[in-house]
Amino acid sequence: MNLQYVPTICPYCGCGCGIYLVLKDGRIVGVEPWKEHPVNEGTNCPKGKSAYKFLYSDDRLKKPLIRENGAFREASWEEALNLVAERLKGIPPEAFGAIASGKTTNEESYLLQKFARVIMGTNNIEYCARFCHSATVAGLLPTLGSGVMQTSQVDIEQADCILIAGVNIKETFPMIARRVLRARRKGATVIVIDPRRAATAISLADIHLQLEAGTDVALINGMMSAILAEGLENKEFIEKRTAGFDELRAALTTSPEQAAEITGVAADKIKEAAVAYAKADRGCILYDEGITQHTTGTDNVTALVDLALLTGHIGKPGTGVNSLRGQINGEGTGDMGCLNVFYPGFKRVSPESAEFFQNAWGAENLPTEPGFTYLDMLQKCKVIYLVGANPVMAGPDSTNIKKALDSLDFFVVQDIFLTETAEHAHVVLPTACWVEREGIHAWVDRRVQKINKVIDPPGEAMPDWWIICRLAEKMGYEDKFNFASPAEIFEEIRGCVPQYKGITYERLEKKAGGIHWPCPSEDHPGTPTMFVQAFPTADSLAHFKAVEYKPPAELPDTEYPDILSTGRSLFHYHTGTMTRRTDTLNSEVPECYVEINPEDALMLGVRSGSRIVLETRRGRIEVIARVTERVPQGTVFVPFHFSESCANVLTNPALDPTCKMPEFKVCAVKEEV
Ligand SMILES: Nc1nc2c(c(=O)[nH]1)N[C@H]1C(S)=C(S)[C@@H](COP(=O)(O)OP(=O)(O)OC[C@H]3O[C@@H](n4cnc5c(=O)[nH]c(N)nc54)[C@H](O)[C@@H]3O)O[C@H]1N2
Ligand SMILES: Nc1nc2c(c(=O)[nH]1)N[C@H]1C(S)=C(S)[C@@H](COP(=O)(O)OP(=O)(O)OC[C@H]3O[C@@H](n4cnc5c(=O)[nH]c(N)nc54)[C@H](O)[C@@H]3O)O[C@H]1N2
Ligand code: SF4
Ligand SMILES: [Mo]
């Protein structure tokens, strides 16, 4: 027996935990802890412990598929790529769209945007960040100049007050929850803002502000009024490092009492939380989808920025307004320019950026106007090339998304499984993933780490980077996609993305836990904490921006009397393509469920385990009831991990007007038995 232990990084959430894969005769048979890895120090959540199982699923895609007479047939790479290249040639820029992935490596994401821009001439390139952190970018860029997480997750331990807004870290960022617990043991106060009493509120909160869904702006404005009333604002910080304070103060009319009326949280509790955060030496805000996934997502994020600026809790380790990007490459794919308004390195789409990349790539006529956003692309483009996303389950109002996909002239999907989305494709291309190829990713705290190739992909599956290069070749662009390895692609990235300039494969091999970008030179240690000296704005200052409370787009009425909220469970990941194929995880939560409050359950006459129908203006699904006090009366919660009873049949596609984020977290619903 030949056992090998190979270190790598977990394929799931944004924490980026180290694990050891155990190989027996070249096959992965288990996972062991990696004790020296600084993110997790040997602990892993259940997903990490069974991380490799999906790789060996019998239904991995092993050959390209071409749709013929309504059914898929297997094809050779040569035939499939020739067909795709043929169909893409001559498509006008505005008719083509590319959807990138939070799962592919930086090298692969970079190539896909280069394909869209250089070959197809369009900025129609998007990825799941539109449904995740578009509100962060829209909220943080004008105020702070950058939309990234500002402290290393490790340094959260240094905070003495942690405000957790709309993120259930105990289930979704378990290693960050571990840091919060350690900080709390050292005396930190933990405030949780969440309409649900989910695992995080139960296990970590000293103060739980259980607000009505969608009322965060009112709550935070109320907290700021309380801080000003007590004179607890950080005058020195405001004076030296910010602009616009007087305007904020003038606009701030919501008292804690008025906030209490809107949010349902007692005014005293709002004041208590505000004072605890303001008095802290290091206050740390952690937020995620409960803040961003609203028609007011941009405003919610902006209000949190105002709160951090008012108290000066920004620019030191263990402080900041920290957006938690949840995918293995949620940060990196954005860094690589897979957004309709950004070239790589967050260079905003403009004639100057186009010129910069024309020089870098030896390309001509790069697009200078923003492309369509994700949902617009699905509606307006005729041809879509989608790499590693599952919008039929992850997009709002999925019935409408299926319709849009079925009306495309040509649809190519590149995935590891025949997903709910791939079912609608004309051509499906089988890819390698995770440890079947090498490359780098950027995790939640801009932590860049490298994943090495450990095993071969199944059948004829090939890495995403290889597929994109071959396709570019067939389109006549071999010279610009002439890469023999991810290492060669990364060298090009280092040349045109300044944040990554000092990071090399060799450095990453040597340093467990990787390097935080920005890293401008090879002797630079990386940057765990942002904004220490200055903000990356035109005047180096942070800018206050007052926002006013606006209600969600669709509130309960007599026909649909309750609120539906959607989100995640510890044991599953997103649309479940990987976790539903992992026996140890799927057996914990084998099917879709709805959390319903005991009072509501009593009125309906249901118990845990009963089947109930949920209906919204978009559609109906049947699910198993979980009667629990995790949700307040009048609110039900459904995870979006399951193909049967897909939560997104129900959700409202209403968008934030600034960032086009759908309102996944609030719509009106009725329950029936
Ligand atoms: N197990 C697991 N972990 C994951 C993922 C996964 O699918 N499974 N996905 C990863 C990804 S990509 C992401 S983006 C993150 C997401 O991580 P989270 O944001 O933690 O995920 P959600 O379950 O969507 O939970 C958001 C929380 O916001 C609360 N909330 C709902 N509405 C409101 C509101 O109006 N105001 C406030 N303040 N809170 C509200 C919900 O009750 C819920 O507790 O998780 C990452 N980690
Ligand atoms: N109702 C509701 N909807 C939501 C949310 C919510 O809270 N509520 N959250 C939103 C958020 S935050 C996010 S981030 C999105 C996620 O939305 P998506 O990113 O669309 O969902 P995933 O299931 O992560 O899809 C990733 C796909 O990539 C495939 N894959 C894995 N590895 C590789 C690889 O190496 N290469 C390729 N080509 N493919 C690979 C997987 O099989 C899977 O099909 O969902 C959003 N949708
Ligand atoms: S916390 Fe995230 S990265 Fe760590 S083992 Fe769990 S899913 Fe993997
Ligand atoms: Mo996400």
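The values are calculated or read from the model by the stated rules, or taken from the named source; none is laboratory data. Bear in mind the structure is a predicted one, so any value in this text is a computation, not a measurement. Every residue, glycine among them, receives a Cβ derived from its backbone with ideal geometry; neighbour counts consider all protein chains shown. Just so you know, the surface numbers come from the protein's heavy atoms only, side chains and all, with ligands and any DNA or RNA stripped out. Shrake-Rupley method; radii C 1.70, N 1.55, O 1.52, S 1.80 Å.
Conditions tested, residue by residue: (1) surrounded by fewer than 14 Cβ atoms within 10 Å (Cβ to Cβ); (2) within 24 Å of the chain's Cα centre (by Cα); (3) closer than 22 Å to Glu423 by Cβ; (4) within 16 Å of ligand 2 (Cβ to nearest atom).
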residue	(1), (2), (3), (4)
Thr8	no, yes, no, yes
Gly26	yes, no, no, no
Glu32	no, no, no, no
Lys47	no, yes, no, yes
Asp59	yes, no, yes, yes
Trp77	no, no, yes, yes
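Could you tell me how many of the residues in region 171-190 are assigned to a strand (DSSP E or B) and either without any contact (Cβ under 8 Å) to a residue 24 or more places away in the chain or near ligand 3 (Cβ under 10 Å from one of its atoms) (or both)?
Residues flagged as assigned to a strand (DSSP E or B) and either without any contact (Cβ under 8 Å) to a residue 24 or more places away in the chain or near ligand 3 (Cβ under 10 Å from one of its atoms) (or both) within region 171-190 amount to 0.
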Selection within region 309-355 - polar (S, T, N, Q) and within 13 Å of ligand 1 (Cβ to nearest atom): Asn322, Ser323, Gln327, Asn329, Thr333
Flag if Val39 is buried (at least 22 other Cβ atoms within 10 Å of the Cβ), at negative phi and touching a residue at least 60 places away in the same chain (Cβ under 8 Å): yes
Near pairs, Cβ below 8 angstrom, 6+ apart or cross-chain, from region 105-126 (within 18 Å of Glu369 (Cβ to Cβ)) to any residue that is part of a helix (DSSP H, G or I) and of a type in the set (Asp, Glu): Thr122/Glu94; Asn124/Glu94
Qualifying residue in region 189-202 (condition: within 28 Å of Ile515 (Cα to Cα) and not assigned by TED's automatic domain parsing to the domain that holds Thr628): no
Close pairs (6 angstrom Cβ cut-off, 6 or more residues apart or separate chains): open to solvent by less than 10 Å² (accessible area, probe 1.4 Å) in region 500-514, of a type in the set (Val, Ile, Thr) and part of a helix (DSSP H, G or I) anywhere: Tyr500/Ile493
Set Thr527, Thr575: member being polar (S, T, N, Q) and either assigned to a helix (DSSP H, G or I) or away from ligand 3 (no atom under 16 Å from the Cβ) (or both): Thr527
Enumeration of residues in region 453-484 that are touching a residue at least 40 places away in the same chain (Cβ under 8 Å), part of a loop (DSSP other than H, G, I, E, B), open to solvent by 30 Å² or more (accessible area, probe 1.4 Å) and out of contact with any helix residue (DSSP H, G or I) (no Cβ under 7 Å at 6 or more places or on another chain): Gly459
Residues of region 193-220 satisfying the condition of being more than 10 Å from Gly166 (Cα to Cα) and basic (Lys, Arg): Arg197
Test result for Gly145, surrounded by fewer than 24 Cβ atoms within 10 Å (Cβ to Cβ), touching a Phe, Trp or Tyr at 6+ places or on another chain (Cβ under 7 Å) and in contact (Cβ under 8 Å) with a residue 12 or more places away in the chain: yes
Members of region 341-374 that are in a loop (DSSP other than H, G, I, E, B), free of Cβ contacts under 8 Å to residues at least 60 places away in the same chain and open to solvent by 60 Å² or more (accessible area, probe 1.4 Å): Glu364
Scan of region 619-641 for residues that are within 16 Å of ligand 2 (Cβ to nearest atom), open to solvent by less than 30 Å² (accessible area, probe 1.4 Å) and in a strand (DSSP E or B), ordered by number: Ile621, Val623, Thr635, Val636, Phe637, Val638, Pro639
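Among the candidates Arg130, Arg87, which residue alone is at pLDDT 95 or above and either closer than 26 Å to Ala280 by Cα or away from ligand 2 (no atom under 16 Å from the Cβ) (or both)?
Going through Arg130, Arg87 in turn, the sole match is Arg87.
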Some residue of region 284-294 being open to solvent by 30 Å² or more (accessible area, probe 1.4 Å), within 32 Å of the chain's Cα centre (by Cα) and assigned by TED's automatic domain parsing to the domain that holds Gly187: no
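What number of residues within region 383-412 satisfy the criterion of being hydrophobic (A, V, I, L, M, F, W, C) and more than 18 Å from Asn648 (Cα to Cα)? If you could, list the steps in order and put the result at the bottom.
In the first step, residues of region 383-412 are kept if they are hydrophobic (A, V, I, L, M, F, W, C); the result is 383-384, 386-387, 389, 392-394, 401, 404-405, 408, 410-412.
Next cut, more than 18 Å from Asn648 (Cα to Cα) only: 383-384, 386-387, 408, 410-412.
So the count comes out to 8.
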